[in-house]
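See structure below.
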Amino acid sequence: MRRLILGLTLLLLFGGMATAQMKIPTAGSKSAAAKPTAKEAAKTKPAPKPKGPPARELFGSAPAPAPLAARSIGGYAKGCLAGGVSLPINGPDWQVMRLSRNRNWGNPRLVDFLERLASDARALDGWPGLLVGDMSQPRGGPMLTGHTSHQIGLDADIWLTPMPDRILTPQEREDISAVSMLKDPFSVDPAVFTLLHVKLIKRAASYPQLARIFVHPAIKKALCQQASQVGKDRAWLGKVRPWWNHHYHFHVRLACPPGMEGCENQKGVSGDDGCGQELVNWYAMLKKAAIEMAKPPQPGAKPWVGKPPLTMAQLPKECGTVLTSGGFEPPVPAEAGTAPAALAAMATKDAGPLVPVLTPAQLMALTGAGGGMPLPDRNPKR
């Protein structure tokens, strides 16, 4: 009975969405009429909020993959994964971290990529081995913590910390922290970020199936400066894009497998190496963010509120089948965050440290607030 109720609920959600998409206004219909007047528009009620539990809690509770043909469905930040396979937690050139999260799943294409990268990086570049962080959940989909993307089994986080020369215990994999490459918010620490890191990232970017690599802007700057030390070719730099918080790991993203229906690629790179104006623009944003982060919270400041979590109705229709295939019945929690697997994910430690914060002296130098003059009041954007 519970399975039947869940199935009917998903059918109603997706059926309503499909019906709404199929309605075509006719010449005499209200939809085809002239735009409403300002007075009529003022009376228009806002669209109702989507109903149903957040999709992240439903997908986060699935302990095993969907027993379907391997397929990445939807976009990187709005989709799911059928027929996912797991990266073994131990390999000759890699180890998986944070095992309690159960996020070492992906499209077979991603697992093959990681195994090859680990082998090539050790044999050809001297990298000791990969520590692999979050990939995807067994059935992909939204995650309760940590990521907006990683939903279709084509994304993975790789720590910039080299693998040790021994097998880590399960507890060590929960407790060990990745090492930040930064010495301050704007630059890498040359004692930590080495030429081996440059070779590793270049190696990852060299494969044709690799669509993007995301790193902290300071790491991108270091790669631009040191690229000539690992060869004359700079085309690989175009795939390496700056993004927030990627200072202790780099994020690899594969393109959709050729011919895979329903998998949505993002726009290809332009061919520019990204070391010019784009990096200048990122540093302007980085400066603003660092200044705001260094300021003390203002009394009464409202906390930052992000977008509401995705519901099943907002995911591709096929994700309903992926979620319930094989007879899986996801729990429908009465309150947000009560799914057991979701709670386990929340309890795990962050993979690495926070981004460094400006010292008071650095903040004063950046803002020009010398002589002890007070800084302007602003709500911190944390």
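The values are calculated or read from the model by the stated rules, or taken from the named source; none is laboratory data. Note that the structure is predicted; figures quoted are calculated from it, not measured. Methodologically, a virtual Cβ is constructed for each residue, glycine included, from the backbone with ideal geometry; neighbour enumeration extends over all protein chains shown.
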Subject >> Residue selected from the stretch 339-356 under the condition part of a loop (DSSP other than H, G, I, E, B) and surrounded by fewer than 14 Cβ atoms within 10 Å (Cβ to Cβ), by the criterion modelled with the lowest pLDDT >> reply: LYS349
**OP:** Mind listing whichever residues of the stretch 227-252 are surrounded by fewer than 21 Cβ atoms within 10 Å (Cβ to Cβ) and touching a His at 6+ places or on another chain (Cβ under 9 Å)?
**Re:** TRP243, TRP244, ASN245
Subject >> Test set (1) surrounded by 16 or more Cβ atoms within 10 Å (Cβ to Cβ); (2) part of a loop (DSSP other than H, G, I, E, B); (3) out of contact with any Lys or Arg (no Cβ under 7 Å at 6 or more places or on another chain) - ASP134 fails condition number >> reply: (3)
**OP:** Quick one: in the stretch 135-188, of everything that is acidic (Asp, Glu) and in contact with a strand residue (DSSP E or B) (Cβ under 8 Å, 6 or more places away or on another chain), which residue is nearest to PHE250 (Cα to Cα)?
**Re:** ASP157
**OP:** Test GLY52 against the stated conditions and say whether it is modelled with pLDDT of 55 or more, farther than 25 Å from PHE214 by Cα and surrounded by 10 or more Cβ atoms within 10 Å (Cβ to Cβ).
**Re:** yes
Original post:
When you scan the stretch 58-103 for strands (runs of 3 or more DSSP E) that lie fully inside it, which ones turn up with 2 or more residues that are among the hydrophobic types (A, V, I, L, M, F, W, C)?
Top reply: 78-82, 94-96
Original post:
Which residues, taken from the stretch 92-121, are out of contact with any Leu (no Cβ under 9 Å at 6 or more places or on another chain) and touching a residue at least 12 places away in the same chain (Cβ under 8 Å)?
Top reply: PRO92, ARG98, LEU99, SER100, ARG101, ASN102, ARG103, PRO108, ARG116, SER119, ASP120
Original post:
Taking the condition farther than 24 Å from CYS319 by Cα, within 17 Å of the chain's Cα centre (by Cα) and of a type in the set (D, E, K, R), does ARG116 pass?
Top reply: no
Original post:
Tally time: how many residues in the stretch 282-310 are within 25 Å of ARG241 (Cβ to Cβ), out of contact with any Leu (no Cβ under 7 Å at 6 or more places or on another chain) and among the hydrophobic types (A, V, I, L, M, F, W, C)?
Top reply: 8
**OP:** Considering only residues that are among the charged types (D, E, K, R) and assigned to a strand (DSSP E or B), look in the stretch 158-191 and name the one that is farthest from GLN95 (Cα to Cα).
**Re:** ASP184
Subject >> Residue, farthest from the chain's Cα centre (by Cα), within the stretch 75-94, restricted to residues that are buried (at least 23 other Cβ atoms within 10 Å of the Cβ) and not hydrophobic (A, V, I, L, M, F, W, C) >> reply: GLY84
